[in-house]
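Below: one structure, written as structure tokens.
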Amino acid sequence: MCIRDSGILGMNMMFSCLFGVGYVIVRYRKNAVLKRLKATPLSALEFVSAQLVSRLFIVMFLSSVVYIGCNLFFDFYMLGSYFDLFIIAILGAFSLITLGLLVASRSKSEELIGGLLNLSSWPMMLLSGVWFSLEGAPNAVKVFADFLPLTHLVAGARKIITEGATLMDISYHLSVLVAMSVIFLTLGAYLFSWNTER
């Protein structure tokens, strides 16, 4: 039960991160809010970082409320540290939000961003281990899944919850999430477009 619960909570975070930031950026772009901001000294990196921090706070607050509320009713099985779980959740959310920012960096319509966000989220929902293990899957599928942020968020959280793993034990997952976050944030800021015109 707890294995599936951690996956569902991770999937909930994924949708909040991707769709929460993606649609907001595109709406700002369509309403010419970004065009007006471009006239200020604000850089693309500063704007993207501000969106990242605000969305991170919202996602972590809501996810914590959901986890605590469900824990009161179902008494989740927990062997590891809640602090370690919070750290992997922050890094996972950080990586997913930066991915959403990257996808929305040049999108100019809500129809397009909806398709791109679904294209990003469905492989993670199916191949990150949320619903079933990839233990018997072909190596190519496992390699592809290793490039998905949700895979490392779910795997790291499950090890903390079910095995009592420490941050050192899941250092691989943490390192991958940090690397993905840096890459996504850098590309998102570099490719960011203030206007609806390409």
**Fill in**
Screening LEU85, LEU99 for residues that are among the hydrophobic types (A, V, I, L, M, F, W, C), out of contact with any Phe, Trp or Tyr (no Cβ under 7 Å at 6 or more places or on another chain) and in a helix (DSSP H, G or I) leaves only LEU85
**Request:** Considering only residues that are farther than 14 Å from PHE192 by Cα and assigned to a loop (DSSP other than H, G, I, E, B), look in segment 26-43 and name the one that is most open to solvent (accessible area, probe 1.4 Å).
**Result:** PRO41
**Asked** Of everything in segment 82-104 that's out of contact with any helix residue (DSSP H, G or I) (no Cβ under 7 Å at 6 or more places or on another chain) and not β-branched (Val, Ile, Thr), which residue is surrounded by the most Cβ atoms within 10 Å (Cβ to Cβ)?
**Response** PHE86
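For segment 147-181, how many residues meet the condition of being free of Cβ contacts under 8 Å to residues at least 40 places away in the same chain and either part of a helix (DSSP H, G or I) or among the β-branched types (Val, Ile, Thr) (or both)?
Step one: filter segment 147-181 for residues free of Cβ contacts under 8 Å to residues at least 40 places away in the same chain, giving 147-148, 151, 155, 168-169, 171-172, 175-176, 179.
Right, trim to either part of a helix (DSSP H, G or I) or among the β-branched types (Val, Ile, Thr) (or both) and you get 151, 155, 171-172, 175-176, 179.
The total comes to 7.
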**Fill in**
Only one of TYR77, TYR23 is open to solvent by 60 Å² or more (accessible area, probe 1.4 Å), part of a helix (DSSP H, G or I) and either modelled with pLDDT of 85 or more or touching a Cys at 6+ places or on another chain (Cβ under 7 Å) (or both), namely TYR23
**Item:** segment 105-118, subset among the aliphatic types (A, V, I, L, M) and more than 14 Å from the chain's Cα centre (by Cα), residue least open to solvent (accessible area, probe 1.4 Å)
**Value:** ILE113
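Does ILE161 count as modelled with pLDDT of 90 or more, open to solvent by less than 80 Å² (accessible area, probe 1.4 Å) and over 15 Å from the mean Cα position of the chain (by Cα)? First the steps, then the outcome.
Numbers: modelled with pLDDT of 90 or more: no; open to solvent by less than 80 Å² (accessible area, probe 1.4 Å): yes; over 15 Å from the mean Cα position of the chain (by Cα): yes.
Against the criterion (modelled with pLDDT of 90 or more, open to solvent by less than 80 Å² (accessible area, probe 1.4 Å) and over 15 Å from the mean Cα position of the chain (by Cα)), ILE161 does not qualify.
So which residues in segment 123-142 are within 19 Å of the chain's Cα centre (by Cα) and either surrounded by 13 or more Cβ atoms within 10 Å (Cβ to Cβ) or at pLDDT 90 or above (or both), if there are any at all? Break it down into steps so the answer makes sense when it comes.
Initial filter on segment 123-142 (within 19 Å of the chain's Cα centre (by Cα)): 123-131.
Within segment 123-142, PRO123, MET124, MET125, LEU126, LEU127, SER128, GLY129, VAL130 qualify.
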**Message:** Conditions first: (1) at pLDDT below 90; (2) open to solvent by 20 Å² or more (accessible area, probe 1.4 Å); (3) closer than 16 Å to GLY92 by Cα. PHE184 passes all but one, so which condition is the exception?
**Reply:** (1)
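The values are calculated or read from the model by the stated rules, or taken from the named source; none is laboratory data. Treat the numbers as computed from the prediction; the structure is a model and nothing was measured. Cβ: placed from backbone, ideal geometry, glycine included. Neighbour counts: every protein chain shown. What goes into the accessible areas is simple: the full protein's heavy atoms, side chains included, and nothing from ligands, DNA or RNA. Shrake-Rupley method; radii C 1.70, N 1.55, O 1.52, S 1.80 Å.
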